[in-house]
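Derivation of every value follows stated rules applied to the coordinates shown; laboratory data play no part. Computed from a predicted model, the values in this text were never measured in an experiment. No Cβ is skipped: glycine too gets one built from the backbone with ideal geometry, and neighbour counts run over all protein chains shown.
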Amino acid sequence: MVELVTGLRLAGHAVGAFGALLIFLEFFQLPSYIDYNEDFGTYDLTVTTGEIVEHTWLGRLGALCVALAFALQFLAVFLA
C-alpha cells in the first residue's frame, strides 16, 4: 500500500509540474489580436469580438493537468 501512495504522490508532482510549465508557456504567447510591425517597431491592435481568443489549448491543458495533480495528491492523502 505504501508503494501505491508514494507512486500517486510522485505522479501528482510530475503531472502538476508539467501543467505548471504549460501554464507558464501560455503567458508568453502573443495574443491573436496583436500584430507586430517590424518596419516601424510598433504593435497594432485589430480587435473584433469574433476573433479574440483569450486562452489557447496549451493553457487549458495545463490547467487540466494541475487539477489532475491536485486530485492525485488528494487521493494519496486518504490512502495513506
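In terms of other Cβ atoms within 10 Å, T46, T56 run from fewest to most in the order T46, T56. Among the GluC sites (Glu not before Pro) within the chain, those in coil by DSSP and having at most 15 neighbouring Cβ atoms inside 10 Å are E38, E51, E54. Here the 3J(HN,Hα) profile of the stretch 39-46, calculated from phi with Karplus coefficients 6.51, -1.76 and 1.60 at θ = phi - 60°, is 5, 9, x, 10, 9, 10, 9, 10 Hz, Gly and Pro shown as x. Along Cα→Cβ, 7 Å out, is where each label goes; now give me the distance between the ones at T48 and A63 in nm to one decimal. A separation of 2.6 nm, rounded to one decimal place. Quick note on the chain: its Rg to Rh ratio, both from C-alpha atoms and Rh being the Kirkwood radius, is 1.28. For the pair F70 and L25 in one chain, pulling the backbone fully straight at 0.36 nm per residue adds 14.2 nm over the alpha carbon distance.
Among W57, A17, A76, whose Cα sits farthest toward the positive end of the charge dipole of the chain (+1 at Cβ of Lys/Arg, -1 at Cβ of Asp/Glu, about the Cα centre)? Comparing the listed Cα positions along the dipole, A76 ranks first. Per residue, the average separation of C-alpha pairs within less than 8 Å and at least 6 apart gives the stretch 2-79 a relative contact order of 51 percent.
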